[in-house]
Every structure is written in structure tokens, then in C-alpha cells.
Amino acid sequence: MKFKPYIYLLLTFFLFITSCTSGSTSSYTESFPTETMLSKPDVNYTLINMEKGSNATPLKCILDIRLPNRISEDEIKQIAEYIYQNEGADCSPLYIYYFLPDEEPGIDGA
């Protein structure tokens, strides 16, 4: 009975080899999700300041955006996604500050 573990080991090895070499006729094609280009949001906004870090490996970016008036949360999300894809794709983290016409960017305003 000393050979019983070796027989199991040999049988396992044989099954492994035959399962790896059983010629499958299906071809493997790798698919990647495609990025959809976002269209520019309907809201007019102005990029009033853009600061990008210089030597940091994850590039920290800060953007100040001027809005013409109050907008909905969904419109803010659309602007953020559009800006991220077009201006801040290489930024991590990306900070976006929104300002209304009567607000000024700066330490007190942000």
C-alpha cells in the first residue's frame, strides 16, 4: 500500500496534462470595453484656472470652473465627466471647483 499515494499523484498529473492539451476548437478573442466619447455639455462654462502638479507621480490637478448660473446636480456630473475625459485624464486626484458669477476663486471662495 506504499504505492497508493504515488498512483493518485500520477493519476492527477495525467488528468491535468490531458485536460490542458485537449484541443479546444473555440478561439479566444480578447475584448476591451470601448470608451464612449462624451459630447460637450449643454451648459456654457469657463475654465478660469488650471493647476497641474509638476513632479508628483500621480499628477494632482485643480480646476476652477465658472458657471453662468445655478445648474442641476446632473449637469454638474456631466461637466465633471467631460472635463475628466478631455482635460484631466492623466490627473489623480482631480479637483474641480465650481463658481457662480458672484463668487471669486481663492482660499475663502473655494
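Every number in this text was worked out from the coordinates using simple rules, so none of it is lab data. This structure is a prediction, so every number in the text was calculated from the model and none was measured. When we count neighbours, we look across all protein chains shown, and the Cβ atoms used for this are built from the backbone with ideal geometry, even at glycine.
A few notes on this one:
- Answer residue from the range 42-78, given it is in contact with a Lys or Arg (Cβ under 7 Å, 6 or more places away or on another chain) and not in a strand (DSSP E or B) and is farthest from PHE99 (Cα to Cα) among those: GLY53
- Residues (in a loop (DSSP other than H, G, I, E, B) and either free of Cβ contacts under 8 Å to residues at least 12 places away in the same chain or farther than 17 Å from SER39 by Cβ (or both)) located in the range 79-99: GLY88, ALA89, ASP90
- Enumeration of residues in the range 37-64 that are touching a helix residue (DSSP H, G or I) at 6+ places or on another chain (Cβ under 7 Å) and not aromatic (Phe, Trp, Tyr): LEU38, LYS40, PRO41, VAL43, LEU63
- Condition check for GLU73: surrounded by fewer than 16 Cβ atoms within 10 Å (Cβ to Cβ) and touching a strand residue (DSSP E or B) at 6+ places or on another chain (Cβ under 8 Å): no
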